[in-house]
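The structure under discussion appears below in the form of structure tokens.
The values are calculated or read from the model by the stated rules, or taken from the named source; none is laboratory data. In this text, all values refer to a predicted model and were calculated from it rather than measured experimentally. Heads up, the Cβs are rebuilt from the backbone with ideal geometry, glycines too, and the neighbour counts pull from every protein chain shown. Each accessible area value is taken on the protein alone, full model and side chains, heavy atoms only, with ligands, DNA and RNA left out. Shrake-Rupley method; radii C 1.70, N 1.55, O 1.52, S 1.80 Å.
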Amino acid sequence: MLFPFHWIFYLGASALTWTTIQALLRPSHDIVKRELGHFEGRYINILNYKLHNETVKLIGYKKIKIPLEEIDAFEDHYFTNYAELQKFDSHFYDQASMELRIYFPVAGALIEGQGSMIEANELGEFEIEDVDGDYVVFGRKQTDHVHDVHGNIIKDGVIYLAVKAHPTHQISKVFVYDF
Ligand SMILES: *[C@@H]1O[C@H](CO)[C@@H](O)[C@H](O)[C@H]1NC(C)=O
């Protein structure tokens, strides 16, 4: 892409930092969506699932909106340390929405299936190949290391999500949730 001369003039040489150029070249939502698809495929491949690939599996993500006043500092840091940060395979920066996504297996997820409550293993896997339900996650078993509750209700050793999670999409047998 060529910068029109009057833009460069307007911005001034001193303002043309790496971040400014990145912002001017901010990718479209369509481009990010394609990159995100590749990222999610890679993420699933590095999870080292124990059960075979036809069994139902759940992954989730949390979106962190970068405040507008922090975008420049955040992107400066992000792109300066890009190679280093890519070693943490569980995050994806959506530059179009200016949101960071952190991915995780939905360990111990509880869903309704086969007429009862079924529980995922620590990698978010179920031993079955199909669930005769809508794949809604309503909570997880309470374990010693789960302390952080955020308005969820704890009852009989189950942490019920304040808002039940519906899958946003599916990659073959892997269901994806926005928590
Ligand atoms: C599971 O793996 C087999 C063999 O690699 C492949 O043919 C099949 O399409 C895979 N199934 C899914 C749901 O990914």
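Inspect all residues belonging to segment 88-111 and state whether any of them is out of contact with any strand residue (DSSP E or B) (no Cβ under 8 Å at 6 or more places or on another chain), more than 16 Å from the ligand (Cβ to nearest atom) and open to solvent by 40 Å² or more (accessible area, probe 1.4 Å).
The answer is yes, given that some residue of segment 88-111 is out of contact with any strand residue (DSSP E or B) (no Cβ under 8 Å at 6 or more places or on another chain), more than 16 Å from the ligand (Cβ to nearest atom) and open to solvent by 40 Å² or more (accessible area, probe 1.4 Å).
From LEU16, LEU24, LEU36, LEU11, which residue is open to solvent by less than 100 Å² (accessible area, probe 1.4 Å) and at pLDDT 95 or above?
LEU36
Cβ contacts < 8 Å: first residue closer than 12 Å to ILE59 by Cβ, restricted to segment 158-172; second residue more than 15 Å from the ligand (Cβ to nearest atom) and open to solvent by 50 Å² or more (accessible area, probe 1.4 Å), any location; separation 6+ or different chain. Result?
As it stands, the answer is ALA165/ASP178; ALA165/PHE179; THR168/ASP178, since those pairs meet every condition given.
It is to be established whether one or more residues within segment 119-128 are among the charged types (D, E, K, R), surrounded by 14 or more Cβ atoms within 10 Å (Cβ to Cβ), part of a loop (DSSP other than H, G, I, E, B) and within 16 Å of the ligand (Cβ to nearest atom).
no
Could we say that PHE74 is among the aromatic types (Phe, Trp, Tyr), open to solvent by 30 Å² or more (accessible area, probe 1.4 Å) and within 21 Å of GLY37 (Cα to Cα) here?
No.
Of the residues HIS150, HIS166, HIS145, which single one is at pLDDT 95 or above and open to solvent by 50 Å² or more (accessible area, probe 1.4 Å)?
Result of the check over HIS150, HIS166, HIS145: HIS166.
For a quick check of your reading of the model, give me the residue pairs whose first member lies in segment 47-58 and is near the ligand (Cβ under 10 Å from one of its atoms) and at pLDDT below 95, whose second is of a type in the set (D, E, K, R) and part of a loop (DSSP other than H, G, I, E, B), with beta-carbon atoms closer than 8 Å and at least 6 apart or on different chains.
As it stands, the answer is ASN53/LYS173, since those pairs meet every condition given.
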